[in-house]
Amino acid sequence: MTDTRAVVAGVEVSLDHWIGGKRVSSADRFANASPIDGADLGAVAAGGQAEADMAVEAASAAYPAWAALGPQGRLPILRKFAEGILARGKDIAAVESADNGSLLMGNLHRMVPRAAQNISFFAQWALGLNDHVIDHDEVVNNVRYDPSGVAALITPWNAPMMLTTWKVGPALAAGNTIVIKPPEWAPLTCSLLADIAHEAGVPAGVLNVLQGIGEDAGDALVNNRDLARISFTGSTDTAKIIGQAAARSITAMSSELGGKSPFIVCADADLDAAAQTVAGQYINAGQVCLAGTRILVEASIEAQFLEKVRAAAAQMTVGDPRLATTRVGPLIHPEHFARVSGFVERAKAAGAQVLWGGAQSDAGDLYFQPTMFAGVKLEDEISQKEVFGPVLTWQTFTSDEEAIAIANGTEYGLAGTLFCGNEARAMRIAEQVVAGTLWVNCFFVRDLAAPFGGSRLSGIGREGGTHSFDFYCDIKNIAVRKGSFANKGA
Ligand code: ADP
């Protein structure tokens, strides 16, 4: 089979699948362009039923040997894999920026180290999984985390490398083999990941990459009956479709979906820090599922805080994400640009007041100005639907009860942010907000051991630390009657 390659940001990247330790091509291809300037990044293999089946077969064939290695046997290979990610950090960062328009500096300094940690952390964590013993009067319960089989990992375009490794790390450490379906709007870094895994000694078939369109390759993959797990990060609507496929074969699925997270600012908060953090929600053009997009401000400080946020937002330079001075890059795709613009135009038509932004930026075709809407009601579309762009709303509250009611007033429950100077008050509010993660006086800090996921339409399940293995493993209890053996054996 041929291996079609492209040079992207000076880095050679295969545009084909990686299946069973080999590059596999497809006659069907899909176009991939850079959101930075529309540059053609090459035609990527568009897999279908045949390629999806081939990938699951390769993963199934590789499974017994990989599972048999145990956490200790997998550790050195996965450590090398993590080291390989760091060694190719500059390439990964550059290709990711070209492919999805994310900030180069952020990719280099935060995304790449985190991607490597995602692999090494879970490989290390797996060593202690089988230490859990529940001692009963007559019986000892030995809790075992067994590998479960082949996992399908389906990832989105806004942070492909980080979100893919967040699944790859625990799935492989658990002893599963995997088929990754990268996002068609940003498919390239996952291809590099396959090369790095191979060079690190991850055996053929353990990690497979199936390129293609969600409705074709993705659909064929999730409908394969030989999957043990489906882990999905993406939109709520797609999760509903994949969930139906998972239900048909009772395949466990975890999903991390959209959000419309509140950002609550109390009058006694550190307003400078809060204002900087609000402006930070525009980073990556707001294409961040965790972003706190609904700014809820205690009415008594509204005017003062608004000026601070306005000043901080004015510092969010829109432009080429490869420049160190840029804070807000392009939206990923013309279709997505039209979607974001549509939300903005409908909000204006419904009477929302544009405090700043509200239109395309002169930085280029896919660039949108950091935008803030006031005069919105909780039931408005702009308050309820995930825009996934640099668009925030501004509302005030006069009591904690009101803040909590607005915070909880959408169908989502992914995250929330609270800036507050009073610990007891902060904890009272935090405990009542429906969210998988609630940051208090900080934002985006995610310990790999901590549970992560969403409530309501923001997802099912939690990953992170042991929670990841609760999903990727078949958990078994070996319950042994005490004193029932004649001898210890060998
Ligand atoms: P977004 O709105 O962020 O583009 P999607 O949910 O459409 O999110 O996409 C997230 C991932 O899901 C992508 O890798 C995409 O290819 C994949 N996908 C989309 N539709 C399907 C589907 N029907 N079955 C399986 N995967 C899909």
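The values are calculated or read from the model by the stated rules, or taken from the named source; none is laboratory data. The structure presented is a predicted model; accordingly, all values stated were derived computationally and were not measured. Don't worry about glycine lacking a Cβ; one is built from the backbone with ideal geometry, like all the others, and counts go over all protein chains shown. Remember, those area values only see protein heavy atoms, side chains included, never the ligands or the DNA or RNA. Shrake-Rupley method; radii C 1.70, N 1.55, O 1.52, S 1.80 Å.
Per-structure values
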| quantity | calculated |
| --- | --- |
| Inverse of mean 1/r across different Cα pairs in the stretch 101-152, Kirkwood, Å | 14.5 |
| Label-reachable residues, the stretch 310-324, where backbone N falls under 11 Å from a point 7 Å from residue 39's Cα toward its Cβ | 322 |
| Inter-part distance where the stretch 253-290 and the stretch 345-361 are each reduced to a Cα centre, Å | 20 |
| Extension gain (nm, one decimal) between residue 53 and residue 338, 0.36 nm per residue minus Cα-Cα | 99.1 nm |
| Neighbourhood net charge (10 Å Cβ-Cβ; Lys/Arg +1, Asp/Glu -1) for residue 364 | -4 |
| Amide N proximity, the stretch 276-318 versus residue 324 label position 7 Å along Cα-to-Cβ, cut-off under 17 Å | 317 |
| Long-range tail of P(r) for the stretch 145-204 (Cα pairs > 14 Å, %) | 55 |
| Given charges at beta-carbon only (K, R positive; D, E negative), |dipole| of the chain in Debye | 900 |
| Two-decimal Rg/Rh across the stretch 123-269, once Rg and the Kirkwood Rh are taken from alpha-carbon atoms | 1.07 |
| Members of 167/240; 80/488; 385/476; 181/260; 90/167; 80/260 lying beyond 30 Å, as alpha-carbon distances in this model show | 80/488; 385/476; 80/260 |
| Whole-number accessible area per residue in Å² for the stretch 1-55, which is evaluated in the context of all protein chains at 1.4 Å | 43 |
| Inter-label distance, nm, simple model (7 Å from Cα along the C-beta direction), residue 379/residue 141 | 4.8 |
| Fraction of beta bridges assigned by DSSP in the stretch 261-440 that are antiparallel (%, nearest 5) | 15 |
| Order of exposure, largest accessible area first, which applies to 81, 444 with probe 1.4 Å | 444, 81 |
| Lys, Arg +1 and Asp, Glu -1 on Cβ, resulting dipole of the stretch 261-440 about Cα centre, debye, nearest 20 | 360 |
| Percentage of interatomic Cα-Cα distances in the stretch 350-490 larger than 22 Å | 58 |
| Antiparallel bridge percentage (DSSP; both residues within the chain; nearest 5) | 45 |
| Degrees separating the helix 188-200 axis from the principal Cα axis of the chain, which is the longest one | 30 |
| Filtered trypsin sites (Lys or Arg not before Pro), the stretch 383-453: DSSP coil and at most 11 other beta carbons within 10 Å | none |
| 37 °C / 0.692 mPa s Stokes-Einstein diffusion coefficient of the stretch 445-484, Kirkwood radius on C-alpha pairs, µm²/s | 267 |
| Evaluated over the stretch 227-295, the Cα radius of gyration and Dmax, each in Å | 17.3, 52 |
| Leading residue at positive end of dipole, the stretch 261-440 (Cβ point charges), from 347, 376, 301 | 347 |
| Semi-axis lengths, Å, the chain, gyration tensor of Cα atoms, sqrt of 5 times eigenvalues | 39, 30, 19 |
| The stretch 1-133: radius of gyration over Cα atoms, expressed as a fraction of 2.2 N^0.38 Å | 1.26 |
| Accessible-area value, residue 108, 1.4 Å probe, nucleic acids and ligands omitted, Å² | 50 |
| Shape category assigned to the stretch 86-190 from the gyration tensor of Cα positions, a/c cut at 1.5 | prolate |
| Accessible surface of the stretch 261-440 [probe 1.4 Å, protein heavy atoms]: carbon and sulfur percent | 50 |
| Extended-chain gain in nm, criterion 0.36 nm per residue less alpha-carbon gap, residue 476 and residue 402 | 22.1 nm |
| Stokes-Einstein D for the stretch 261-440, Kirkwood Rh over Cα pairs, 37 °C, 0.692 mPa s (µm²/s) | 202 |
| Gain in span if fully extended, residue 411 to residue 307, counting 0.36 nm per residue against the direct Cα distance | 34.4 nm |
